[in-house]
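A.B. asks: First the structure, which I've put down as structure tokens, then a few questions once you've had a look.
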Amino acid sequence: KTYGQAGYETRKYPVMLFLHGAGEVGCPSNNGVYNNEKQLWLGGQLFRDRVNNNEFDGFLVYPQLVNPDGCWGAWGETKTANLSINLSMIDSLGKYVRADVDRVLITGLSGGGYGAWRTAETFPQRVAKIMPSAAAGSVSNRTAFVHIPIWFATGGKDPDPSPTQALYSYNKMLEIGADIRYTQYPDLGHAVWYRHWREPDFP
């Protein structure tokens, strides 16, 4: 967003928080914290183009986990403090630019998708919607975020999460009255994210 854009100062804009997969962390072999691009590898250009084309009229936030011990790290398994830092960044956007901190959509792929579920469970008052790809709801307190709309997608050939695991998550949320949508791509394995992101009503 640019300050000179017509109407910018008269409204606030939603925020999409994108959580990268487990293989896109900052780590020793890709220059650690000095490589602030790996988390943009999957989806970065696609969503940037949607903003530039006015298909998504909001802010994009792409944090990156750092792992000094290896090039792997999932948002679903990270410290809760790291999830909190993401929300603090969004609060900063709300203070200094026209970000609407009450309209936060969280998406992510694989380990980042699990992070979207976990953020909704841990900070349900801060999340407007989650749309994880290649991740089912590995959570313990579903009622905490039953009010948050969910659309998740997995592959029919994916072993983790398997179709059985995904349907279990879906049905458990349905049982408590959640607003949940599940899309399974029968011909795909784990890498369902681009198919999910290119659905006409995403995000």
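A.B. asks: Please arrange Tyr185, Tyr96, Tyr194 by accessible surface area, largest first, computed with a 1.4 Å probe and ligands excluded. Don't jump to the answer; show the numbers that get you there.
C.D. replies: On the way: Tyr185 15, Tyr96 150, Tyr194 70 Å².
If we order Tyr185, Tyr96, Tyr194 from most to least accessible, we get Tyr96, Tyr194, Tyr185.
A.B. asks: Okay, moving on. How large is the dipole of the range 75-164 about the Cα centre if only Lys and Arg carry +1 and Asp and Glu carry -1, each at its Cβ, rounded to the nearest 20 debye?
C.D. replies: Values: 9 positive and 7 negative charges, 37 e Å.
Roughly 180 debye, rounded to the nearest 20.
A.B. asks: Please get the size of the charge dipole for the range 143-203, origin at its Cα centre, with Cβ charges of +1 on Lys and Arg and -1 on Asp and Glu, quoted in debye to the nearest 20.
C.D. replies: Values: 5 positive and 7 negative charges, 10 e Å.
Roughly 40 debye for the range 143-203.
A.B. asks: Among Gly70, Val146, Thr164, whose Cα lies farthest out toward the positive end of the dipole of the chain, if unit charges sit on the beta carbon of Lys, Arg (+1) and Asp, Glu (-1)?
C.D. replies: Val146
A.B. asks: Keeping all protein chains in the complex and leaving out DNA, RNA and ligands, what accessible area do you get for Asp69 with a 1.4 Å probe, in Å² to the nearest 10?
C.D. replies: 140 Å²
A.B. asks: Suppose all protein chains stay in the model; what accessible area per residue would a 1.4 Å probe give for the chain, in Å²? Walk me through the numbers before you get to the answer.
C.D. replies: On the way: 9830 Å² over 203 residues.
On a per-residue basis, 48 Å².
A.B. asks: Given charges of +1 on the Cβ of Lys and Arg and -1 on the Cβ of Asp and Glu, with all other atoms neutral, how large is the dipole of the chain about its Cα centre, in debye to the nearest 20?
C.D. replies: Numbers: 19 positive and 19 negative charges, 66 e Å.
Around 320 debye, computed over the chain.
A.B. asks: Additional query: Among Trp117, Trp151, Trp41, which one moves the most in a GNM of the chain with springs linking Cα atoms closer than 10 Å?
C.D. replies: Of Trp117, Trp151, Trp41, the most mobile in the Gaussian network model is Trp41.
A.B. asks: Determine the order of His190, His196 by accessible area, beginning with the largest, at a probe radius of 1.4 Å. Don't jump to the answer; show the numbers that get you there.
C.D. replies: On the way: His190 60, His196 0 Å².
Ranked from most to least accessible, the order is His190, His196.
A.B. asks: Also, quick follow-up: Over the alpha-carbon set of the range 45-164, divide Rg by the Kirkwood Rh and report the Rg/Rh ratio to two decimals.
C.D. replies: Value, to two decimals: 0.97.
A.B. asks: While we're here: Could you check how much of the accessible area of the chain is carbon and sulfur, as a whole percent, using a 1.4 Å probe? Before the final figure, lay out each step's value.
C.D. replies: Values: 4980 of 9830 Å².
The value for the chain is 51 percent carbon and sulfur by accessible area.
A.B. asks: Which order do you get for Lys12, Lys172 if you rank them by accessible area with a 1.4 Å probe, largest at the top?
C.D. replies: Working: Lys12 100, Lys172 65 Å².
So the residues, ranked largest to smallest area, are Lys12, Lys172.
The values are calculated or read from the model by the stated rules, or taken from the named source; none is laboratory data. Predicted model, so just to flag it, every value in this text is computed and none were measured. Note: ideal-geometry Cβ built from the backbone for every residue, glycine included; neighbour counts use all protein chains shown. Just so you know, the surface numbers come from the protein's heavy atoms only, side chains and all, with ligands and any DNA or RNA stripped out. Shrake-Rupley method; radii C 1.70, N 1.55, O 1.52, S 1.80 Å.
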